[in-house]
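First comes the structure, then the notes that go with it.
Derivation of every value follows stated rules applied to the coordinates shown; laboratory data play no part. These figures come from a predicted structure and were not determined experimentally. Cβ: placed from backbone, ideal geometry, glycine included. Neighbour counts: every protein chain shown.
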Amino acid sequence: MLVALFIVFVVAPVVELAVFLQVAEWVGVWPAVLAVLALSVLGVWVVKRAGVSGVRRTRAAFQRGEIPTVEVADGLLVMFAGVLLVVPGFVTDVVALLLLVPVVRSLVRRRFVRDWMVGRRVPAFGRGRSVVDVEWIGDVTPPPRDARPPIELGPPRD
């Protein structure tokens, strides 16, 4: 975890700065700055579009009676790509643009799901389930002092 934080907060900004300086040397400072700003605006648009589209596709999957795993994963990856586009820098922008390509996103999604699901067990869907037999005796909380008697539903008790 500490290594990941070091990479995100120390190594990545240094790499982004070095790449920006190289691009600025090739095309000029102002075109490089404008490119970074344009890609950030694109990132805001992608995040907004991904949020709306992801919700729509998730609802459609629920209406079809399916569990929307692919839709949710794709929505999260596209939203992550949008956030990477908002972050100033060309390296994060290249990674984000790659994530926007459906084939690349599919590969990342499969890898992410495979790695994330290793060793995880979904409750009540695995082997070795146990059954707990319970008997419901009703609400056992005492009624408030000023409460009316409860209305009984169901067959009358004798």
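At a 10 angstrom cut-off on C-beta neighbours, averaged per residue, how do the peptides 23-29, 92-98 rank from highest to lowest?
92-98, 23-29
Would region 1-65 count as rounded, prolate or oblate if I go by the C-alpha gyration tensor, calling it rounded below 1.5 in a/c and otherwise prolate when a/b exceeds b/c, oblate otherwise? Oblate.
Using the average count of surrounding beta-carbon atoms within 10 Å as a protection proxy, the listed peptides 78-86, 55-63, 41-49 rank, highest first, as 78-86, 41-49, 55-63.
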